[in-house]
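Take a look at the structure set out below.
Since every read-out is calculated from the coordinates, none of them should be taken as a lab result. Not measured: the values here are computed from a predicted model. A quick note on method: Cβ atoms are made from the backbone with ideal geometry, for glycine too, and the neighbour counts reach across all protein chains shown.
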Amino acid sequence: MRRWWDEGIRLPYPEAEIEEYRAALHGEPTYRYVAHMDARPVGMFQHYRIGDSPEYAAALGLDEEAVGVDLFIGEADLIGRGHGPAMLRAFLRDVAFPFHRLETCVIGPSVNNTAAIRAYEKAGFTPLRLAQVPDEPDPEYLMRLTRSQLDSLH
Ligand SMILES: CC(C)(COP(=O)(O)OP(=O)(O)OC[C@H]1O[C@@H](n2cnc3c(N)ncnc32)[C@H](O)[C@@H]1OP(=O)(O)O)[C@@H](O)C(=O)NCCC(=O)NCCS
């Protein structure tokens, strides 16, 4: 990156951005999106293939390849109004499942995050089991949803 960039344009390429390319090229791609309601940015979504992060995959111990997703709504006035489950279903249907072409998605809120667990249950996820992930303080409450289960919710 640095050689290609620095030869053409005589400004050093930012080290932090080089690090991001390096991580992506070494196989841990996470695709991030800002969620909007009308024109207002309200939260963040990301998806990735679990198997691309071997340490995380080993901690989850799934017997199938799966899409992983994470999300948060960043605006206090929009929390607790059912937007999370609705946006998550749309994100899975329109973005994450078509991108990875996999049949299964998992999500792993902290076992203590009862609001998130309830929201994902409302989105159609069902509990799988607890998983302890290295460097995370609390176990993940692992939940699963298949593409056909999602389709049958409509
Ligand atoms: C988790 C999150 C995405 C859920 O989306 P949401 O739109 O708030 O979800 P819902 O409105 O469907 O609420 C889900 C449950 O949260 C609980 N809840 C509702 N309002 C709440 C509030 N003000 N405070 C705490 N919990 C609340 C309720 O149990 C609700 O279930 P119910 O509808 O059966 O009563 C969102 O709350 C969020 O981003 N939270 C902050 C960050 C976070 O926890 N991210 C998830 C990390 S895994």
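What ranking of M143, M37 emerges when the number of other C-beta atoms within 10 Å of each C-beta is taken as an exposure proxy, fewest first? Numbers along the way, then the final one.
Values: M143 21, M37 13.
By the 10 Å Cβ count, ascending, the order reads M37, M143.
Full extension of the segment from T126 to S110, taken as 0.36 nm per residue of separation minus the current Cα-Cα distance, would add 4.3 nm.
Label-to-label distance, T30 versus E55, with points set 7 angstrom from Cα along the beta-carbon direction: 1.2 nm. Against the chain, whose longest principal axis is taken from its Cα atoms, helix 15-25 shows a tilt of about 60°.
Where in segment 100-126 does the label zone of M37 land, with the point 7 angstrom along Cα→C-beta and an amide N cut-off under 16 Å? Those under the cut-off are 119.
Order of H100, H36 from fewest to most other C-beta atoms within 10 Å?
Ordered by Cβ neighbours within 10 Å, fewest first: H36, H100.
Approximating the spin labels as points 7 Å out from Cα along Cα→Cβ, the F99-to-D135 distance works out to 2.1 nm.
Going by the alpha-carbon gyration tensor, a ≥ b ≥ c the square roots of its eigenvalues, is segment 24-154 rounded (a/c under 1.5) or, if a/c is not under 1.5, prolate (a/b greater than b/c) versus oblate? Rounded is the answer for segment 24-154, as its axis ratio a/c remains below 1.5.
Taking 14 Å as the cut-off, the amide N atoms of segment 87-110 that come nearer than this to a point 7 Å along the Cα-to-beta-carbon line of E65 belong to 97-105. Backbone amide hydrogens, once placed in the peptide plane, bring M37 within less than 5 Å of V42, excluding anything fewer than 5 places away on its chain.
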